[in-house]
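Q: Before I ask anything, let me first share the structure, which is written out below as structure tokens.
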Amino acid sequence: MSEGGVFSCGAHGHGGGSAGRVARRNGRHKVIDIHCHLAIPAADAMMRPHQNPAAISINSFSSPASDEVNRRQFAQMGRKLASIDEHIADMDATGVDIQAISPSPGQYYYWAESELGLQAARMVNDGMAEAVARHPDRLVGMGAVPLQAPELAVQELRRLTRDLGLRGVEISSNVDGRELADPQFRPFFAAAEELGVLVFMHPLGFTHGQRLSEHYFNNLIGNPLESTIAVGHLIFGGVLDAHPGLKLCVAHGGGYLPGYIGRMDHAFRAREDCRQHIHREPSTYLRQLYFDTLVFDRRELRYLVDTYGADHLMMGTDYPFDMSEPDPVGFHSALSEEDREKILGGTAARLLGLEMAARS
């Protein structure tokens, strides 16, 4: 132990290694933001010529009014999204010690053919590792994988953790329209469980958003709805039953399912078609998961703490987007000191593998 009781996590991997990162100070966890994004512009530049402008995307379900607001806001936040220096300055301003940066959700690239998707994921992951290397005391990284090609996704998952030292992987709520519970994706979940890597699930709008174009609903309603459906498939499709050790965190408080699980438990008891791949109530599988606390309402936060426990919750801001929490530390001020300690840093440090080792 060094002077003042400072602890740090040990080195992990190479380019994104954590040597020098302090995870505790004076016996307390530092504040860790589990939900914040960094864009890698080089990957977008490489993929732009391959995009199909006629393909259905999140932009297909947006009103002219929302498009105009998006244009104005992205003109302001675009630089911040790709600027590590601005990340650090804003972290200092909001009391965040460590950001667990993940790719901008638009950089999943699941629509690309397999080898191109792998190339894009590698570029994103190299960029994430380079950012972490610039500020190893303030950043940990989560990468991307080409889930449209599960074997290549497993290959890249091993590279980003073992060679780059990234601490997690971000995935979407579906793979170009295919459900995550599809058997073809089981090798990825098995590898993530084997490696003990944190999987952060972040949706990108609702896939069938014809009724959600107005009022920014494809984000406001669509993102939590996407996560609700995806988690439902992971439960009823047997993925969480087959992989009980999977460390899966769902963004935006887990979507709507954590607050309305009783209906699914009833269906499990009442209908045999809801017991095809699982042998216990859906709520028991839901309690295997982790959620960020980006819910904007202290009553919802209190419900998540009371129902799922602070050891399954992590502070998340969605930095630097418009739907971010402006006062992430203050939002948790009404909780007990023990719960705040877990949510503001303890749970994230455990899941990200920031082991505490005394500094010499």
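The values are calculated or read from the model by the stated rules, or taken from the named source; none is laboratory data. It should be emphasised that the depicted structure is a prediction, and the values quoted were computed from it without experimental measurement. Cβ sites come from the backbone with ideal geometry, for glycine too, and all protein chains shown count toward neighbours.
Q: Just name the residue that is nearest to PHE74 (Cα to Cα) out of those in the range 299-326 that are of a type in the set (D, E, K, R) and out of contact with any helix residue (DSSP H, G or I) (no Cβ under 7 Å at 6 or more places or on another chain).
A: The qualifying residue nearest to PHE74 (Cα to Cα) is ASP318.
Q: Pick out the one residue from GLN148, GLN210 that is among the polar types (S, T, N, Q), assigned to a loop (DSSP other than H, G, I, E, B) and touching a residue at least 40 places away in the same chain (Cβ under 8 Å).
A: Being among the polar types (S, T, N, Q), assigned to a loop (DSSP other than H, G, I, E, B) and touching a residue at least 40 places away in the same chain (Cβ under 8 Å) holds for just one of GLN148, GLN210, which is GLN210.
Q: Also, I was wondering about something else. For residues in the range 88-147 being closer than 23 Å to LEU354 by Cα and among the basic types (Lys, Arg), which is surrounded by the most Cβ atoms within 10 Å (Cβ to Cβ)?
A: My answer is ARG138.
Yes/no matrix, rows are residues, columns are (1) surrounded by 24 or more Cβ atoms within 10 Å (Cβ to Cβ); (2) closer than 17 Å to TYR290 by Cβ; (3) acidic (Asp, Glu); (4) over 17 Å from the mean Cα position of the chain (by Cα):
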site: PRO183; (1), (2), (3), (4): no, no, no, yes
site: ARG211; (1), (2), (3), (4): no, no, no, yes
site: ASN218; (1), (2), (3), (4): yes, no, no, yes
site: LEU234; (1), (2), (3), (4): yes, yes, no, no
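Q: Now for a separate question. Taking only the range 50-74 into account, find how many residues are at pLDDT below 75, in a loop (DSSP other than H, G, I, E, B) and touching a Ser or Thr at 6+ places or on another chain (Cβ under 9 Å).
A: Total satisfying the criteria: 2.
Q: Would you check which residues across the range 274-313 are buried (at least 21 other Cβ atoms within 10 Å of the Cβ), closer than 30 Å to SER66 by Cα and of a type in the set (A, V, I, L, M, F, W, C) and list them?
A: Of everything in the range 274-313, those that are buried (at least 21 other Cβ atoms within 10 Å of the Cβ), closer than 30 Å to SER66 by Cα and of a type in the set (A, V, I, L, M, F, W, C) turn out to be PHE291, LEU294, VAL295, LEU301.
Q: If only one of ALA112, ALA121, ALA144 is touching an Asp or Glu at 6+ places or on another chain (Cβ under 8 Å), within 15 Å of ALA45 (Cα to Cα) and of a type in the set (A, V, I, L, M), which one is it? Show your work before the answer.
A: Numbers: ALA112 fails: touching an Asp or Glu at 6+ places or on another chain (Cβ under 8 Å); ALA144 fails: within 15 Å of ALA45 (Cα to Cα).
So the residue among ALA112, ALA121, ALA144 that is touching an Asp or Glu at 6+ places or on another chain (Cβ under 8 Å), within 15 Å of ALA45 (Cα to Cα) and of a type in the set (A, V, I, L, M) is ALA121.
Q: Something else: Could you figure out which of (1) assigned to a helix (DSSP H, G or I); (2) without any contact (Cβ under 8 Å) to a residue 40 or more places away in the chain; (3) β-branched (Val, Ile, Thr) isn't true of VAL124?
A: It fails just one condition, (2).
Q: What number of residues within the range 286-339 are of a type in the set (D, E, K, R) and in contact with a strand residue (DSSP E or B) (Cβ under 6 Å, 6 or more places away or on another chain)? It would help to see each step written out before you state the result.
A: Going residue by residue through the range 286-339, those that are of a type in the set (D, E, K, R) are 287, 292, 297-300, 302, 306, 311, 318, 322, 325, 327, 337-339.
Of the ones still in play, those that are also in contact with a strand residue (DSSP E or B) (Cβ under 6 Å, 6 or more places away or on another chain) are 292, 318.
Going through the range 286-339 one residue at a time, the tally reaches 2.
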